[in-house]
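Colleague: Here it is: the structure, laid out below.
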Amino acid sequence: MAQSAVQSATTPTAVPAKLPIAAIVPWAVFFGILMLVLLYFVGAEQGATSLVSGENVHEWVHDARHLLGFPCH
């Protein structure tokens with residue numbers, strides 16, 4: 001019994017590393033903007049809201065539209 005008490009007292013415990021919020025915010029903003037741009041191109045880049053002329057963008061993201069449930073035809 002004494003041996004198990006000594007063993008449990010010396011077992012190291014995991015301490016989570018502290019990550020400052022200032023290090024996370026720029027990356028969160030970057031990925032948030034990137035996701036909004038991707039969502040625009042997959043979901044709205046056709047018709048009246050089109051920023052790129054032609055059907056090229058539509059053809060590149062056509063399968064993603066169907067996978068995400070956006071109507072396109």
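Here is a yes/no grid of residues against (1) open to solvent by 80 Å² or more (accessible area, probe 1.4 Å); (2) in a loop (DSSP other than H, G, I, E, B); (3) more than 30 Å from V61 (Cβ to Cβ):
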{"residue": "P12", "(1), (2), (3)": "yes, yes, yes"}
{"residue": "A17", "(1), (2), (3)": "yes, yes, yes"}
{"residue": "I24", "(1), (2), (3)": "no, no, no"}
{"residue": "A28", "(1), (2), (3)": "no, no, no"}
{"residue": "G32", "(1), (2), (3)": "no, no, no"}
{"residue": "L36", "(1), (2), (3)": "yes, no, no"}
{"residue": "F41", "(1), (2), (3)": "no, no, no"}
{"residue": "E45", "(1), (2), (3)": "no, yes, no"}
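Colleague: If I filter segment 53-66 down to residues being in a loop (DSSP other than H, G, I, E, B) and more than 12 Å from Y40 (Cα to Cα), which single residue comes out as least open to solvent (accessible area, probe 1.4 Å)?
Modeller: Result: G54.
The values are calculated or read from the model by the stated rules, or taken from the named source; none is laboratory data. Bear in mind that the values here come from a model prediction, so they are computed numbers and not experimental data. Positions of Cβ are generated from backbone atoms using ideal geometry, with glycine treated the same way; all protein chains shown enter the neighbour counts. These accessible areas exclude ligands, DNA and RNA; they are computed on the full protein's heavy atoms, side chains included. Shrake-Rupley method; radii C 1.70, N 1.55, O 1.52, S 1.80 Å.
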